[in-house]
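If you scroll down you'll find the structure; I have some questions about it.
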């Protein structure tokens, strides 16, 4: 309907309600604001805009609680890197965990003509 009549208050309001239900808060806010531009006294659109603000604030509080007290980028929460055993790979081919060198690495370079 909005493709035919982009100033349809009813269609914009329904679009805002659907966007709010799908947690697309910025889009819902924009739809409700368009409704209020066209019909300043539309109380349902005002309530929809208030619902968007409440949901956004609730999400912000949820995230604040989730990350409260956590130092995300100090590097202390990361696991220590794995180290190779000390005796392994000191001399190629001698350690039990080291594979032998590839054959092309052992062959001498071709002679120049």
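The values are calculated or read from the model by the stated rules, or taken from the named source; none is laboratory data. Predicted model, so just to flag it, every value in this text is computed and none were measured. Heads up, the Cβs are rebuilt from the backbone with ideal geometry, glycines too, and the neighbour counts pull from every protein chain shown.
When you scan region 8-20, how many residues do you find that are at pLDDT below 90 and more than 19 Å from residue 38 (Cα to Cα)?
Final tally of qualifying residues: 0.
Still on this structure: Among the listed residues 5, 23, which satisfies the condition of being in contact with a helix residue (DSSP H, G or I) (Cβ under 9 Å, 6 or more places away or on another chain), at pLDDT 80 or above and in a loop (DSSP other than H, G, I, E, B)?
Numbers: 5 fails: at pLDDT 80 or above.
Matching residue, one of 5, 23: 23.
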